[in-house]
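The values are calculated or read from the model by the stated rules, or taken from the named source; none is laboratory data. Remember, it's a predicted structure, so these values are computed and weren't measured experimentally. Heads up, the Cβs are rebuilt from the backbone with ideal geometry, glycines too, and the neighbour counts pull from every protein chain shown.
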Amino acid sequence: GSGSHYPNGSLVCVENTSNLGGGSCYDQEAFDEIARVAKTLGCATHIDGARIFNASIATGVDVARMCEHYDSVSICFSKGLGAPVGSVLVGSEAFIAKAHRWRKMFGGGWRQAGMLASACLYALDHHVERMSEDHERARRIATMMNELPMFTVDLDTVQTNMIYAQTAEPAAKVVEQYAANGIDMFDLSEHRLRVVVHLHITEEDVQRFTEVSQRLFG
């Protein structure tokens with residue numbers, strides 16, 4: 001009864017899009033409710049926003065609105081946004097000052113990072129709206145894979161740029177067959193793999209992936 005064997009939680013972290021959810025996005029009403037409940041319980045709130053711009057494009061909800069009721073958010077520039085490297089932590093001025101202090105204590109810091117910041121700014125100016133192209137390509141790939149006997153894909157979860165597929169054969173073997181044809185993907189477990197579409201995946205790449213998939217597993 002007492003629950004004393006459980007830890008005293010003080011932070012609620014929500015990932016949007018959800019990686020292991022197949023790149024699916026939270027409904028904004030539910031997202032707001034999570035923050036509300038967390039705060040009534042005295043918990044801080046943080047968004048793992050590694051792919052939050054993907055979520056914004058897919059749902060039509062502005063990133064600022066999405067984060068409105070949360071204390072902080074981390075954003076990655078090298079995933080959907082396609083910058084070479086870089087992530088940022090966003091929060092109140094007081095929160096960032098505290099985070100900066102912790103970073104110093106752990107030896108963090110980067111000199112002459114301006115060149116990398118420039119690439120991130122370019123991505124924000126040029127790579128956000130085009131994410132819809134990645135989402136559309138991912139949807140086509142998922143539909144194609146789901147029509148092959150080797151794969152089972154929950155198409156309802158394919159909302160952004162990731163495809164999670166169950167495999168009839170060991171996923172490592174499937175990944176190996178694709179690799180032999182110059183196509184990289186990630187085996188997550190014995191019968192599950194992940195395919196990701198990003199800035200550098202072209203229409204020609206999608207066509208080639210389709211041709212290889214149908215030749216190997218059709």
In the stretch 48-66, how many are surrounded by fewer than 23 Cβ atoms within 10 Å (Cβ to Cβ) and not in a helix (DSSP H, G or I)?
5
Suppose we filter the stretch 37-67 for residues that are in contact (Cβ under 8 Å) with a residue 24 or more places away in the chain, more than 16 Å from the chain's Cα centre (by Cα) and under 13 Å from Val90 (Cα atoms); how many remain?
1
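With respect to Asp184, is the statement that it is more than 13 Å from Gly80 (Cα to Cα), modelled with pLDDT of 95 or more and surrounded by 13 or more Cβ atoms within 10 Å (Cβ to Cβ) true? First the steps, then the outcome.
Details: more than 13 Å from Gly80 (Cα to Cα): yes; modelled with pLDDT of 95 or more: yes; surrounded by 13 or more Cβ atoms within 10 Å (Cβ to Cβ): no.
No; evaluated as a whole, the condition is false for this residue.
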Of the residues in the stretch 38-63, how many are of a type in the set (Gly, Ala, Ser) and closer than 24 Å to Met162 by Cβ?
6
Within the bounds of the stretch 103-120, is there any residue that is under 30 Å from Gln214 (Cβ atoms) and assigned to a loop (DSSP other than H, G, I, E, B)?
no
Within the stretch 81-95, tally of residues that are under 19 Å from Gly109 (Cα atoms) and surrounded by 11 or more Cβ atoms within 10 Å (Cβ to Cβ)
9
Quick check on this structure: which one of Ala83, Ala119, Ala94 is in contact (Cβ under 8 Å) with a residue 40 or more places away in the chain, on the phi < 0 side of the Ramachandran plot and more than 17 Å from the chain's Cα centre (by Cα)?
Ala119
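In this structure, does Asn161 turn out to be closer than 15 Å to Ile201 by Cα and out of contact with any Pro (no Cβ under 9 Å at 6 or more places or on another chain)? Walk me through how you get there before you give the answer.
Working: closer than 15 Å to Ile201 by Cα: yes; out of contact with any Pro (no Cβ under 9 Å at 6 or more places or on another chain): yes.
So Asn161 fits the description; yes.
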Within the bounds of the stretch 68-77, is there any residue that is assigned to a loop (DSSP other than H, G, I, E, B), within 19 Å of Asn19 (Cβ to Cβ) and in the same structural domain as Asp27 (by TED's automatic domain parsing)?
yes
Within the stretch 27-49, tally of residues that are in contact with a strand residue (DSSP E or B) (Cβ under 9 Å, 6 or more places away or on another chain) and of a type in the set (Gly, Ala, Ser):
4
Here the qualifying pairs (Cβ atoms under 6 Å; residues six or more apart or on different chains; first in the stretch 178-203 and assigned by TED's automatic domain parsing to the domain that holds Gly80; second part of a helix (DSSP H, G or I)) come out as none
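Restrict the check to the stretch 14-29 and report whether at least one residue is aliphatic (A, V, I, L, M) and either buried (at least 17 other Cβ atoms within 10 Å of the Cβ) or in the same structural domain as Val153 (by TED's automatic domain parsing) (or both). Give the derivation first.
Of the stretch 14-29, the ones aliphatic (A, V, I, L, M) are 14, 20.
Those left that are additionally either buried (at least 17 other Cβ atoms within 10 Å of the Cβ) or in the same structural domain as Val153 (by TED's automatic domain parsing) (or both): 14.
Yes, the stretch 14-29 has at least one match.
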Suppose we keep only residues that are buried (at least 20 other Cβ atoms within 10 Å of the Cβ) and out of contact with any Gly (no Cβ under 7 Å at 6 or more places or on another chain) within the stretch 138-162. Which one would you say is farthest from Val61 (Cα to Cα)?
Phe151
Residue count, the stretch 28-48, condition touching a helix residue (DSSP H, G or I) at 6+ places or on another chain (Cβ under 8 Å) and of a type outside the set (Val, Ile, Thr), comes to 3
Of the conditions (1) part of a loop (DSSP other than H, G, I, E, B); (2) modelled with pLDDT of 95 or more; (3) over 30 Å from His200 (Cβ atoms), Gly1 fails just one. Which one is it?
(2)
